[in-house]
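To start, the structure itself, in structure tokens.
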Amino acid sequence: MEKLPELYIAVDVEADGPIPGPYSMISLGMAVVGRPGLTFYTELRPISDDFVPAALAVSGLDRDRLLREAPAAEDAMAAAAKWINGLRRIGRPVFLAGPAVFDGMFVHWYFHRFLGKSPFSASGAGIDLRSYWMGLQGCEWAGSRKSVIKQRLELTGVPHTHHAGEDAAELAAVFEAVLASREAPPGEAEAGEPREVREAREAPEAREVRGAGEATAGDGEA
């Protein structure tokens with residue numbers, strides 16, 4: 001059987017503090033690189049009473065509303081895992097974040113704390129946007145900021161809003177452009193899109209998950 005292509009899942013987290021456990025992940029967004037219709041978003045009920053006001057203010061979310069209305073962390077993470085695992089029909093999910101340390105720390109901790117395992121990997125491994133760009137360009141850390149990448153790739157119409165769903169879509173668009181900027185192998189220069197993205201888009205089962213790509217804050221389901 002032919003091996004399915006990798007699916008790069010851009011992940012963005014909004015949190016009310018610097019680390020999970022003492023503080024809470026309050027929203028989670030995901031988007032498949034090269035597949036704008038495949039997205040996920042949920043808000044989460046805070047898991048502790050502690051929060052950093054400045055961190056909470058970044059997202060603009062109302063913590064009291066989250067305590068009343070957002071799904072419990074276990075339910076939100078179960079919905080997220082179901083969405084990720086549903087993508088396995090068309091590809092192999094690979095975690096992508098920028099930075100991977102912050103977003104990956106919260107996502108990995110939450111999956112293991114509330115579900116006992118992560119649908120991405122047991123080790124929490126994944127792709128860090130800035131590290132990938134440094135390797136691709138041979139630049140220093142200072143030259144790998146997302147704003148620099150967007151300027152280099154002329155992505156002026158891709159905003160960063162601190163809404164987890166919108167910022168996951170932003171990251172997906174940026175990484176798709178990064179992949180496209182690589183020197184294409186012989187025979188692919190005219191393709192106009194990265195091989196990984198094209199393989200995911202053309203997978204036979206791709207249409208089956210199109211309707212399962214968008215989740216709401218209220219129920220975490222498509």
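Please rank LYS150, LYS82, fewest neighbouring Cβ atoms within 10 Å first, as an exposure proxy. Don't skip to the answer; put the middle values down first.
Working: LYS150 19, LYS82 16.
With the fewest neighbours first, LYS150, LYS82 line up as LYS82, LYS150.
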Item to complete: Count charges around ARG92 for me, please; just the other residues with Cβ under 10 Å from its Cβ, Lys/Arg as +1, Asp/Glu as -1.
Response: +1
Discussion item. Show me the three semi-axes of the equivalent ellipsoid for segment 1-54, from the C-alpha gyration tensor (sqrt of 5 times each eigenvalue), largest first, rounded to whole Å.
Written reply: 31, 11, 9
Response to the item:
Ranked on Cβ counts within 10 Å of their own Cβ, fewest leading, ASP49, ASP103, ASP75 go ASP49, ASP75, ASP103
Item to complete: Identify all lysines with a Cα-Cα distance to LYS3 below 26 Å; exclude those on the same chain that are fewer than 8 residues away in sequence.
Response: LYS82, LYS117
Practice prompt. Express the C-alpha Rg of segment 6-201 as a ratio against the empirical globular expectation 2.2 N^0.38 Å, rounded to two decimals.
Written response: 1.04
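Every read-out reported here was derived from the displayed coordinates using simple, explicitly stated rules and does not represent laboratory data. Fair warning: this is a prediction, and the values are worked out from it, not measured in the lab. Quick reminder, even Gly has a Cβ in these numbers, built from the backbone with ideal geometry, and neighbours come from all protein chains shown.
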